[in-house]
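Have a look at the structure below, then the notes.
The values are calculated or read from the model by the stated rules, or taken from the named source; none is laboratory data. Note that the coordinates shown come from a computational prediction; the quantities given were computed from them, not determined experimentally. Please note: Cβ atoms are built from the backbone with ideal geometry, for glycine as well, and neighbour counts cover all protein chains shown. Accessible surface is based on the protein model in full, side chains and every heavy atom, while ligands, DNA and RNA are left aside. Shrake-Rupley method; radii C 1.70, N 1.55, O 1.52, S 1.80 Å.
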Amino acid sequence: MKKVLIVDDSPVDCKNLQRILQDAGCVVSVAMSGSEALVKVKTDKPELIMMDINMPDLDGFATKRKINQDAESKGIPVVFVTSKDQKVDRVFAQMLGAKGYVTKPYSAEQILEQLD
């Protein structure tokens, strides 16, 4: 059973991802901002983070940079789940060490593939 943290400021996207992941047997927690995600990374100790890029306060890229800077969390794989579909965004996500990149709208299969 995998512990997954969903980070997205859209309640609809959070619920949809939560349903897909819980149906697959994952234990899911949710953060609605990058700042909240940094707290939940420490308290919930997820094995995978699925994170949007466009968020107020800390965007997904800034949040990933902070995760990378922390010795306890830098090994947690991050998959960006975002509406940003530019090549530059994908390249930047790779440079930050993202495990994966899924664009919205996505299928349940695309999300579940990221669990491997």
- prompt: How much net charge surrounds L38 when only other residues with a Cβ under 12 Å from its Cβ are counted (Lys, Arg +1; Asp, Glu -1)?
  reply: 0
message: What's the magnitude of the charge dipole for the chain around its Cα centre, counting Lys and Arg as +1 and Asp and Glu as -1 at the beta-carbon? Answer in Debye, nearest 20.
response: 240
statement: Counting only DSSP loop positions in the range 1-87, the trypsin sites (Lys or Arg not before Pro) whose Cβ has at most 15 other Cβ atoms within 10 Å are K2, K74
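Quick check: at a probe of 1.4 Å, how many percent of the accessible area of the range 1-81 sits on carbon and sulfur atoms?
Taking all protein chains in place, the range 1-81 shows 54 percent carbon and sulfur surface.
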- line: In the list [x] 1.02; [y] 1.11; [z] 0.94, the entry giving Cα Rg over 2.2 N^0.38 Å computed from the coordinates is [z]
query: Anyone know which of T82, T43, T103 comes out most mobile in the 10 Å Cα GNM of the chain?
result: T43
- request: Run the quick spin-label model on M1 and D57: label points 7 Å from Cα toward the beta carbon, then report their separation in nm to one decimal.
  value: 2.8
- prompt: Can you give the accessible area per residue of the chain, in Å², using a 1.4 Å probe?
  reply: 52
Of G75, G97, G60, the one that fluctuates the most in a GNM where the chain has Cα springs shorter than 10 Å: G75
